[in-house]
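Colleague: My questions all concern the structure below.
The values are calculated or read from the model by the stated rules, or taken from the named source; none is laboratory data. Just so you know, these numbers come straight off a predicted model, no measurement behind them. Note that each Cβ is placed from the backbone with ideal geometry, even for glycine, and that neighbours are counted across all protein chains shown. In case anyone asks, the SASA skips ligands and DNA or RNA and just uses the protein heavy atoms, side chains included. Shrake-Rupley method; radii C 1.70, N 1.55, O 1.52, S 1.80 Å.
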Amino acid sequence: MFQWKKLSKSDIKREILAGTTSFFAISYIIMVNTVILAQAGMPKELTVFGTIFISIIGSVLIGLFADAPIVLTTGMGVNSFFTYTLVLSLGLTWQQALAVSFCAGAVYLVVAFTKLSKLFAEVVPETLKTGITVGIGFFLVLIGLEKGHLIERSEHTFTHLAPLNDQLTLLTLFSLALTLILFLKKVQGSFFIGIVVVTLVSNLLGLVTPTEQFSLKSISHYSDVFLQLDFSSFFSKSFLLGVFALSMILIFESMGLLKGLMPEAEEEQYLRAYRMTGFITLISGIFGTSPTVAAAESATGIEEGGKTGLTAITSGICFLLALIALPFLSYIPDAALAPAIIITGFLMIQQIKTLNFDDFSDYFPAMLMIVLIPFTMDISDGMAFGFVAFPLTKWVSGKKAELSLPLCLISGLFLLYLIVNVFI
C-alpha cells in the first residue's frame, strides 16, 4: 500500500516529476490507440475517452494498492491483436471483441489470485528474465528511433536511415543531443526538460502540424461504447480461440513487463502489481477499449527517480488533465518524446551483461527473446520463442536438472500459443 508519510518533500518532488515524465513518454497512446481501434469499427471520438479513463483508473489504483511506479494503459501490440486478429481475422464484432477481452481478463485474475502466479514467477530462470528486460529495452529503442523519424521503413531492407536533411529528423537529433547532455550532467528532470524545450522550439518554428483534434463535447455519447460487451458468440470457435490467445498474451506479457520494470521489487509488491494489472485488464472492455498492460515507457519515470506509487498516481492525474488538454496534445512532437524512450531503452539493455555467455544453452533462448521482441514488434511473440527454446536447449545439452515441471508447462503453453496463432 502507498504510504505518504514515508516521503520527504524532495521525494515528493522527484516522484511527481517522474510521473509527469512517464505520462509524456506514453501520451502518444491516447492518439495511437484510438486510430487502431477505429480500424475495428469503433468511433475514434469515443474510444479516446475509454483510453484515458482506463489509464486514469489503472495508474491511480496500482499506485495506491501496489505502491508501484508503473503506468497502466492500453497496450501496444495488444490493441493490434484486438483489431487485426479478433475483429479482422476471426470476424468478431468490436462488441464481441470487448467481451473476449473481459473473459481473458477473468482468466488472468484466476492465475493472479492463485498460487499459479507465484509459481510462474519463481520457476522462470534469471536468464529468461534478463532476456525479457533487454528485449523490451531494444523494443523501446526501436520505437524511439521510429517515432523520432531517425529510421524509416524501406522497400528493400527492414529499415534504413531517414534523410538527415529532413526537418523532423534534425529536430530529433537536436532533441536527443539536448536530453543526453542534461542526462549525463545528472540534471534532475532531464527528460521532462527536454520534452518541454523541444515542444516550445518546434512550435515556435512552425514544425508541428497537429493531426487528430478531439473535443470534450463528444463525451455525452460515451455510452455508445461503454458497457457494450456482446457475449452472443461465447461458444463459437472464434470466441474461444480469441480468449485463449489473448489470455496467454496478457498473463505472460504482464509478468514479463513487471519483472523487467521492477527487477528489484519484493515478491509481495510484485504480486500486488500483477493482480491490480489483471483487475484493470478485466474492466478495460467495460470502458470500451482494448486490454491494458504495464507500459514499457514507465521505465522513463523510473529512470527519473520514480520509486513509489506516487509516480503512477501522478501519471494518472496527468491523464485526467489530458481530458481538458485534448486539443493541445497533438502539439507535442514525436521528436520531443523520442529521446526519453531511446535513452531509457539503452539503460535497460545494460542488463545483457548478466547473461552467462559461457553457456550457449543458457544465453541462446534469452538472445532469441532479445532479437525477436524488437524485430517482431511484439513482446508476447518474442517471449514465446524464448520460453519454447529454453527447455529444448537444456534437454539437448544434457542439463535436464535445470528444468522443472512448472517451467516445462509454461513452455508448453507458449508453444500452444504459437500454434494457435497459426490458425487464427
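Colleague: Taking the range 358-378 as the search range and keeping residues that are without any contact (Cβ under 8 Å) to a residue 40 or more places away in the chain and of a type in the set (Asp, Glu), which one is surrounded by the fewest Cβ atoms within 10 Å (Cβ to Cβ)?
Modeller: 358
Colleague: Filter the range 149-208 down to the residues that are of a type in the set (Ser, Thr, Tyr) and either closer than 24 Å to residue 20 by Cβ or modelled with pLDDT of 85 or more (or both) and list them by number.
Modeller: Taking the range 149-208 and keeping what is of a type in the set (Ser, Thr, Tyr), we get 154, 157, 159, 169, 172, 175, 179, 190, 199, 202.
Result: 169, 172, 175, 179, 190, 199, 202.
Colleague: Anything in the range 17-45 that is open to solvent by 20 Å² or more (accessible area, probe 1.4 Å), more than 17 Å from residue 297 (Cβ to Cβ) and at pLDDT 75 or above? List them, or say none.
Modeller: 38, 39, 41, 43, 44, 45
Colleague: Oh, and also: Residues in the range 287-315 that are hydroxyl-bearing (Ser, Thr, Tyr) and open to solvent by 10 Å² or more (accessible area, probe 1.4 Å): how many?
Modeller: First pass over the range 287-315, keeping only residues hydroxyl-bearing (Ser, Thr, Tyr): 289-290, 292, 298, 300, 308, 311, 314-315.
In the following step, the residues that additionally are open to solvent by 10 Å² or more (accessible area, probe 1.4 Å) were identified as 308, 314.
The total comes to 2.
Colleague: Could you give every pair whose Cβ atoms fall below 6 Å, whose first residue belongs to the range 379-402 and is part of a helix (DSSP H, G or I), and whose second residue is among the basic types (Lys, Arg) and surrounded by fewer than 24 Cβ atoms within 10 Å (Cβ to Cβ), counting only separations of at least 6 or pairs across chains?
Modeller: So the pair list comes out as 402/394.
Colleague: Identify all residues within the range 119-138 that are within 16 Å of residue 341 (Cβ to Cβ) and open to solvent by 20 Å² or more (accessible area, probe 1.4 Å); write none if there are none. Steps first, answer last, please.
Modeller: Filtering the range 119-138 down to residues within 16 Å of residue 341 (Cβ to Cβ) leaves 133-138.
Of everything in the range 119-138, just one residue is within 16 Å of residue 341 (Cβ to Cβ) and open to solvent by 20 Å² or more (accessible area, probe 1.4 Å), namely 138.
Colleague: Given the range 277-333, what helices (runs of 4 or more DSSP H) lie entirely inside it while holding 3 or more residues that are of a type in the set (S, T, N, Q) and touching a residue at least 40 places away in the same chain (Cβ under 8 Å)?
Modeller: 309-324
Colleague: If residue 182 meets every condition in (1) open to solvent by 70 Å² or more (accessible area, probe 1.4 Å); (2) within 28 Å of residue 321 (Cα to Cα) apart from one, which number is that one?
Modeller: Of the numbered conditions (1) open to solvent by 70 Å² or more (accessible area, probe 1.4 Å); (2) within 28 Å of residue 321 (Cα to Cα), the odd one out for residue 182 is (1).
Colleague: Right, something else. In the range 316-337, is there at least one residue being under 29 Å from residue 272 (Cα atoms), within 17 Å of the chain's Cα centre (by Cα), surrounded by fewer than 20 Cβ atoms within 10 Å (Cβ to Cβ) and not β-branched (Val, Ile, Thr)?
Modeller: For the range 316-337, residues under 29 Å from residue 272 (Cα atoms), within 17 Å of the chain's Cα centre (by Cα), surrounded by fewer than 20 Cβ atoms within 10 Å (Cβ to Cβ) and not β-branched (Val, Ile, Thr): absent.
Colleague: Would you mind finding the one in 410, 343, 419 that is part of a helix (DSSP H, G or I), among the aliphatic types (A, V, I, L, M), at negative phi and out of contact with any helix residue (DSSP H, G or I) (no Cβ under 9 Å at 6 or more places or on another chain)?
Modeller: 419
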